[in-house]
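Report on the structure given below.
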Amino acid sequence: MFRIRSAYFAFGLVKLNHSNGKKMTKAQTCLYLLGGIISNLLIAILLDILTGYEFFTFRNYMDSFIFLSYLQVIINLIPLTATHGESDGKKVLQELQS
């Protein structure tokens with residue numbers, strides 16, 4: 001099950017459900033946890049290429065969206081625990097340490 005939030009930065013999170021009995025490898029689990037980050041990064045890069053983005057030059061809303069997408073990728077990779085749960089970076093770090 002999944003749901004789509006209406007706000008861009010609305011504390012989305014990933015939860016693994018092993019109810020089907022199949023266990024994923026560490027690499028598969030890390031890719032699963034990093035799926036949102038990878039998607040954000042690829043979309044930001046694609047928009048960056050298509051719009052001729054110049055870093056820290058905000059000409060329109062698209063430039064701001066691209067910058068915030070890059071920023072969100074960086075912030076989500078930081079291993080920390082927030083009020084809404086653990087960041088994807090912390091979950092990946094825990095998976096690699098287990």
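The values are calculated or read from the model by the stated rules, or taken from the named source; none is laboratory data. Note that the structure is a prediction, hence the values are computed from the model and not measured. FYI the Cβ positions are ideal-geometry reconstructions off the backbone, even for glycines, and counts take in every protein chain you see. Ligands, DNA and RNA are excluded from the accessible area calculation, which covers all protein heavy atoms including side chains. Shrake-Rupley method; radii C 1.70, N 1.55, O 1.52, S 1.80 Å.
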When you check T83 against the structure, is it open to solvent by 90 Å² or more (accessible area, probe 1.4 Å) and modelled with pLDDT of 75 or more, yes or no?
yes
Return the pairs, sorted by first residue and then second, in which the second residue is open to solvent by 70 Å² or more (accessible area, probe 1.4 Å), the first residue lies in the range 34-52 and is without any contact (Cβ under 8 Å) to a residue 24 or more places away in the chain, the beta carbons are less than 7 Å apart, and the residues are 6+ apart or on different chains.
L47/M62; T51/M62
Odd one out for L41, checked against (1) surrounded by 16 or more Cβ atoms within 10 Å (Cβ to Cβ); (2) at pLDDT 85 or above; (3) over 11 Å from the mean Cα position of the chain (by Cα)
(3)
Looking at this structure, is G52 at pLDDT below 85, loosely packed, with under 14 Cβ neighbours inside 10 Å and not aliphatic (A, V, I, L, M)?
yes
Number of the exception - L31 against (1) open to solvent by less than 90 Å² (accessible area, probe 1.4 Å); (2) within 14 Å of the chain's Cα centre (by Cα); (3) not hydroxyl-bearing (S, T, Y):
(1)
